[in-house]
Ligand code: SF4
């Protein structure tokens, strides 16, 4: 029994849920999951009653970012709760059709840092390689919704050969992050080919994949996929999960399989209004992540993506959540809260202010309980004391 003040950290399966007649073999087949995605108003209304805001959102927002939800993820939706944190992430709402003055189509300025279409070179030693515009399901707050899902005005046209040649030539690049879209939607053979090509470049030390497949489509995390990925070490995977309910028994099995293949796992969450904007939810999420061998890595302030104002919080709310985690749980459980500088500033860490004063030769600090401490700078050893120590050493 979970007390109301304690976060729920249990793992459960929601299958078969809205698909009571589905055979286990189908349910566990990633191709079946993809074929049976919820991607139309009639699909949605066959299973749940939509609110007026959702119904209008489906009708108005579909030409901006497609709607598509795997049966696995759809099963997490509570049909009796119009404020369910799962439905807010994947079912369009009418608010998406309104653009706030501060919002941008390309909030992280990626397009202006693309030396080759599909390759973002924003930081000196690492690149973001956008290898696909497709995902298993689409997040309504997606930073790349200008290209992801293929229904918007802009299209991702990755120039594969030019991108590989750029990487071969740029010896300063030591770290490549494959993202998109979701690279784990590729077949094992296609992904193997890409990773092999990158691994053949001697100065690339480190490969990373950003993926929400372990959450949207855990059936894709097969032993065969893990066996292929482990050939390409050092390879890290950043997953993306926002709410503890997303960490089901199937998701845990997939994540443990990846960890057993020696792949270090981190999680990137986005702070979202009505989804995970409370310390209690965040605490349950980070605890469940550690239980699945995933290190909470970043908590992102939601980017200024067009049509996202209903999902964004103030920055102060994020700082307040970190303040309620730091000192109150394991250090490993605390993600770095960051803002991606609008227009291409890169990730900027945001922390509660624990430094009260920086006086001469000391800092005054506040701990997580509000107690004040002073930490002095090192005292230089006086010349006379140094001399005395030398003399003592000579005599011993
Ligand atoms: S999985 Fe990632 S790339 Fe795909 S829609 Fe969600 S945030 Fe965007």
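In summary, helices (runs of 4 or more DSSP H) completely within region 186-245 and bearing 2 or more residues that are within 16 Å of the ligand (Cβ to nearest atom) and touching a residue at least 40 places away in the same chain (Cβ under 8 Å) occur at 213-216.
Among the helices (runs of 4 or more DSSP H) confined to region 26-94, the ones with at least 1 residues that are over 18 Å from residue 151 (Cα atoms) and in contact with a strand residue (DSSP E or B) (Cβ under 8 Å, 6 or more places away or on another chain) are located at 41-47, 71-74.
A Cβ distance below 9 Å, combined with a sequence gap of six or more or placement on separate chains, defines the contacts here; from region 273-286, residues that are within 11 Å of residue 322 (Cα to Cα) and not assigned by TED's automatic domain parsing to the domain that holds residue 334 reach no residue that is at pLDDT 95 or above and not in a helix (DSSP H, G or I). Within region 143-159, being farther than 14 Å from residue 62 by Cα and in contact (Cβ under 8 Å) with a residue 24 or more places away in the chain holds for 143, 144, 154, 156, 157, 158, 159. Residue 318 fails exactly one of the following numbered conditions: (1) out of contact with any helix residue (DSSP H, G or I) (no Cβ under 9 Å at 6 or more places or on another chain); (2) farther than 28 Å from residue 87 by Cα; (3) in the same structural domain as residue 127 (by TED's automatic domain parsing). What is the number of that condition? Tallying (1) out of contact with any helix residue (DSSP H, G or I) (no Cβ under 9 Å at 6 or more places or on another chain); (2) farther than 28 Å from residue 87 by Cα; (3) in the same structural domain as residue 127 (by TED's automatic domain parsing), residue 318 fails exactly one: (2).
Look through 255, 289 and report the one residue that is closer than 19 Å to residue 336 by Cβ and either assigned to a helix (DSSP H, G or I) or touching a helix residue (DSSP H, G or I) at 6+ places or on another chain (Cβ under 6 Å) (or both). Matching residue, one of 255, 289: 289.
Only a single item in (1) under 24 Å from residue 312 (Cβ atoms); (2) within 14 Å of the ligand (Cβ to nearest atom) is not met by residue 122, and it is number (2).
Does residue 311 count as part of a loop (DSSP other than H, G, I, E, B) and surrounded by 12 or more Cβ atoms within 10 Å (Cβ to Cβ)? Answer is yes for this residue. Set side by side, the residues 36, 28, 75 differ, and just one is within 22 Å of the chain's Cα centre (by Cα) and away from the ligand (no atom under 16 Å from the Cβ), which is 75. Scanning region 107-126 for residues being in contact with a helix residue (DSSP H, G or I) (Cβ under 9 Å, 6 or more places away or on another chain), farther than 13 Å from residue 175 by Cα and buried (at least 19 other Cβ atoms within 10 Å of the Cβ) gives a total of 2. Residues that are at pLDDT 95 or above, farther than 27 Å from residue 35 by Cα and surrounded by fewer than 15 Cβ atoms within 10 Å (Cβ to Cβ): does region 142-159 have at least one? Within region 142-159, one or more residues are at pLDDT 95 or above, farther than 27 Å from residue 35 by Cα and surrounded by fewer than 15 Cβ atoms within 10 Å (Cβ to Cβ). Evaluation of residue 129 against the conditions (1) touching a helix residue (DSSP H, G or I) at 6+ places or on another chain (Cβ under 9 Å); (2) farther than 29 Å from residue 348 by Cβ; (3) within 16 Å of the ligand (Cβ to nearest atom) shows that the sole unmet condition is (2). Among the residues of region 171-185, those identified as buried (at least 17 other Cβ atoms within 10 Å of the Cβ) and away from the ligand (no atom under 14 Å from the Cβ) are 173, 176.
Being under 23 Å from residue 185 (Cα atoms) and not assigned by TED's automatic domain parsing to the domain that holds residue 153 is a property that residue 80 lacks.
The set of residues in region 137-164 that are more than 12 Å from the ligand (Cβ to nearest atom) and in contact with a strand residue (DSSP E or B) (Cβ under 7 Å, 6 or more places away or on another chain) comprises 158, 159, 162, 163.
The values are calculated or read from the model by the stated rules, or taken from the named source; none is laboratory data. Note that the structure is a prediction, hence the values are computed from the model and not measured. Ideal geometry is used to build each Cβ from the backbone, glycine not excepted, and the neighbour counts take in all protein chains shown.
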